[in-house]
């Protein structure tokens, strides 16, 4: 299954060349990741948060511009014992042109002991619903 988020490119996300600045894609990924966690049933409560972002990358394939509407597709690409991988695909909403792809590693983490911990079975079961092998 794929989860979708939508973003309308804001002026401040563009650069002097008129296209979306490379750093803005990581903001889009964060929005999509937060939306994804909400779909999994996790509250955005820092007292109960159990995740850290260990790695993120982006491949820029085409340009996006101010006021364009983008769709960010998010799915799970790997599930481990203490972490999972997410893939994001940024598409132009109307043409479905692929603008960028991103990959992230999210670690299940206990902030009290400052260590990664095994993911609960319930979380793994939910993640499996979004698992698409690359």
Of all residues making up segment 76-98, the number that are out of contact with any helix residue (DSSP H, G or I) (no Cβ under 6 Å at 6 or more places or on another chain), over 14 Å from residue 37 (Cβ atoms), surrounded by 11 or more Cβ atoms within 10 Å (Cβ to Cβ) and free of Cβ contacts under 8 Å to residues at least 60 places away in the same chain: 13
Residue 29 vs. criteria assigned to a helix (DSSP H, G or I) and either surrounded by 15 or more Cβ atoms within 10 Å (Cβ to Cβ) or on the phi > 0 side of the Ramachandran plot (or both): yes
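Among the residues in segment 5-16, are any surrounded by fewer than 17 Cβ atoms within 10 Å (Cβ to Cβ), in contact with a strand residue (DSSP E or B) (Cβ under 8 Å, 6 or more places away or on another chain) and either assigned to a loop (DSSP other than H, G, I, E, B) or modelled with pLDDT under 95 (or both)? Before you say what the answer is, go through the steps one by one.
Kept after step one, since they are surrounded by fewer than 17 Cβ atoms within 10 Å (Cβ to Cβ), are these residues of segment 5-16: 6, 8, 10-12, 15-16.
After this cut, where a residue has to be in contact with a strand residue (DSSP E or B) (Cβ under 8 Å, 6 or more places away or on another chain) as well, the list is 6, 8.
Narrowing the set further to residues that are either assigned to a loop (DSSP other than H, G, I, E, B) or modelled with pLDDT under 95 (or both) leaves none.
For segment 5-16, residues surrounded by fewer than 17 Cβ atoms within 10 Å (Cβ to Cβ), in contact with a strand residue (DSSP E or B) (Cβ under 8 Å, 6 or more places away or on another chain) and either assigned to a loop (DSSP other than H, G, I, E, B) or modelled with pLDDT under 95 (or both): absent.
Give the residue that is surrounded by the fewest Cβ atoms within 10 Å (Cβ to Cβ), with candidates limited to residues of segment 99-134 that are assigned to a helix (DSSP H, G or I) and in contact with a helix residue (DSSP H, G or I) (Cβ under 8 Å, 6 or more places away or on another chain).
Taking segment 99-134 and keeping what is assigned to a helix (DSSP H, G or I), we get 121-128.
Keeping just the survivors that are in contact with a helix residue (DSSP H, G or I) (Cβ under 8 Å, 6 or more places away or on another chain) gives 123, 126-127.
On the way: 123: 18, 126: 16, 127: 20.
Once the filter is applied, the top-ranked residue is 126.
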Any chance residue 91 is within 14 Å of the chain's Cα centre (by Cα) and either at positive phi or not in a strand (DSSP E or B) (or both): no
Boolean, residue 57 is under 15 Å from the mean Cα position of the chain (by Cα), at pLDDT below 95 and at negative phi: no
Qualifying positions in segment 35-52 - out of contact with any helix residue (DSSP H, G or I) (no Cβ under 8 Å at 6 or more places or on another chain) and in contact (Cβ under 8 Å) with a residue 24 or more places away in the chain: 35, 36, 39, 49, 50, 52
Positions within segment 61-70 being over 18 Å from residue 36 (Cα atoms) and part of a strand (DSSP E or B), in sequence order: 65, 69
Checklist (1) out of contact with any strand residue (DSSP E or B) (no Cβ under 6 Å at 6 or more places or on another chain); (2) over 14 Å from residue 36 (Cα atoms); (3) touching a residue at least 40 places away in the same chain (Cβ under 8 Å) applied to residue 58, failing item: (1)
Hits in segment 32-53 - residues which are surrounded by 14 or more Cβ atoms within 10 Å (Cβ to Cβ) and in a strand (DSSP E or B): 51, 53
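The values are calculated or read from the model by the stated rules, or taken from the named source; none is laboratory data. Just so it is clear, the structure is predicted and the values come from calculations on it, not from any experiment. FYI the Cβ positions are ideal-geometry reconstructions off the backbone, even for glycines, and counts take in every protein chain you see.
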